[in-house]
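What follows is a set of notes on a single structure, which appears directly below.
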Amino acid sequence: MKKCIISQWINNEAILKMQVEELAANDKMAILKLKGENVLCSNQLEESHPAFLFLAKGKLSFKVNGDYIEIHAPAHIDFILIHPWSNMKTSKDFEGYFIMTEQSFFVKISESIRSKFVGLIYQYAHRPFVSLNEQAVQRVHLFIDMLTNIITQPEYHFRYEAMENMLRMFQLEVWNTVFSLYKNETTDEQHLWSDILSHFLHLVRTNCRFHHDVKWYANQLCVSSDTLSAKARRMYEKSASQIIDEYLLIEAKAYLQNPAHSIQNVAELLSFSDQAAFCKFFKRCCGISPSEFKKGKQ
């Protein structure tokens, strides 16, 4: 897990400058303390295990979905990579705790609490960061300390169970803050959302590269395609098909921005029948061809 963080997220120069300290690591989770300027890689476009950052001091800036964002401490950032993150920079006084968890381990934890915040998942996924108040900061520090202590004790017989509970509490702390942030925007209808839409959004995020049709998602959820689209449109003012296309377009742009990928290669990675079908999809959604996008004419 530690190797995964270093290879995907940490600037090599930051390692040489001793800006990275390993606090704890095993096969399920790794916790690193980061300090100083530009400790993270500038661009983050590839898949990753669930990763998040507790920003304790300084600031982190980045570009996501065309918007330039600057986050000041104290804050929590979820690196949800359905969006291409780029131009990531940390300030000289930056200090943060970077946590990565193994995918299935995190899913097991989030499944048990997802229904508590189903109504906010879609909104938060598009701006996955939140400022923390003093009380939340104290509790987050406590959770990190306890997680570190549990992971680094080889004789702890119930290590994984304790890790699960502590990480679950960490996530609930973050979502408590998210709820406070969005409480004035939450409608009565949002409180009545079924778990169907939560499952749908999760399936789209993890499967849009392989499955483009609403019917596949409806089958997984044991509902009709019409019902799924009606629920999606009622909650998000977008059909299920539009949501799938939205996430698929984000994936397409991320791949196209990588010079190593040809248009044909991207079409194959995203499971289109051929390059022509991919180009037709991209032109319909983006207004320009993939080749024009690659040339920077977006």
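The values are calculated or read from the model by the stated rules, or taken from the named source; none is laboratory data. The structure displayed is predicted, hence computed values, not measured ones. Note that we place each Cβ from the backbone using ideal geometry, even for glycine, and neighbour counts take in every protein chain shown. When the accessible area is computed, the model is the full protein with side chains, heavy atoms only, and any ligands, DNA or RNA have been set aside. Shrake-Rupley method; radii C 1.70, N 1.55, O 1.52, S 1.80 Å.
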Review point. Scanning for something assigned to a helix (DSSP H, G or I), crowded, with 16+ Cβ neighbours inside 10 Å, in contact (Cβ under 8 Å) with a residue 60 or more places away in the chain and at negative phi, does region 3-25 turn up at least one residue?
Key: yes
Scanning region 253-298 for residues that are under 22 Å from Q44 (Cα atoms) and β-branched (V, I, T), the one nearest to the chain's Cα centre (by Cα) turns out to be V266
Of those in region 76-112 that are under 13 Å from S61 (Cβ atoms) and of a type in the set (A, V, I, L, M, F, W, C), the residue modelled with the lowest pLDDT is W85
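Within region 26-37, can you find the residues that are part of a strand (DSSP E or B) and within 21 Å of I151 (Cα to Cα)? I'd like the intermediate steps shown before the answer.
Here is the first cut: in region 26-37, the ones part of a strand (DSSP E or B) are 29-35.
M29, A30, I31, L32, K33, L34 - these are the residues of region 26-37 that are part of a strand (DSSP E or B) and within 21 Å of I151 (Cα to Cα).
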Cβ pairs under 6 Å, 6+ apart or interchain, first in region 196-213 and in contact (Cβ under 8 Å) with a residue 60 or more places away in the chain, second assigned to a loop (DSSP other than H, G, I, E, B), ordered by first then second residue, are R205/I82; R209/L270; F210/S271
- Task: Answer yes or no: is there a residue in region 195-210 that is more than 18 Å from I80 (Cα to Cα), at pLDDT 90 or above and in contact with a Ser or Thr (Cβ under 9 Å, 6 or more places away or on another chain).
- Result: yes
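Quick test for you: out of T186, T177, T148, pick the one residue that is at pLDDT below 80 and either of a type in the set (V, I, T) or exposed (fewer than 15 other Cβ atoms within 10 Å of the Cβ) (or both). So that I can check it myself, show each step before the final result.
Numbers: T177 fails: at pLDDT below 80; T148 fails: at pLDDT below 80.
Just one listed residue meets the conditions, T186.
Considering only residues that are assigned to a strand (DSSP E or B), among the small types (G, A, S) and either at pLDDT below 95 or open to solvent by less than 10 Å² (accessible area, probe 1.4 Å) (or both), which ones fall in region 38-57?
Going through region 38-57, the residues assigned to a strand (DSSP E or B) turn out to be 40, 44, 51-57.
Keeping just the survivors that are among the small types (G, A, S) gives 51, 56.
Answer for region 38-57, where residues must be assigned to a strand (DSSP E or B), among the small types (G, A, S) and either at pLDDT below 95 or open to solvent by less than 10 Å² (accessible area, probe 1.4 Å) (or both): just A51.
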message = Residues that are in a strand (DSSP E or B), open to solvent by 40 Å² or more (accessible area, probe 1.4 Å) and out of contact with any Phe, Trp or Tyr (no Cβ under 8 Å at 6 or more places or on another chain): does region 58-67 have at least one?
response = yes
(1) modelled with pLDDT of 90 or more; (2) open to solvent by 70 Å² or more (accessible area, probe 1.4 Å); (3) over 22 Å from D78 (Cα atoms); (4) among the charged types (D, E, K, R) all hold for R139 apart from (3)
Out of (1) without any contact (Cβ under 8 Å) to a residue 60 or more places away in the chain; (2) open to solvent by 40 Å² or more (accessible area, probe 1.4 Å); (3) not aliphatic (A, V, I, L, M), the one K35 does not meet is (1)
Pairing a residue in region 268-289 that is of a type in the set (A, V, I, L, M) with any residue that is open to solvent by 60 Å² or more (accessible area, probe 1.4 Å) and in a loop (DSSP other than H, G, I, E, B), where Cβ atoms lie under 8 Å and the two sit 6 or more apart in sequence or on different chains, gives I288/K297; I288/Q298
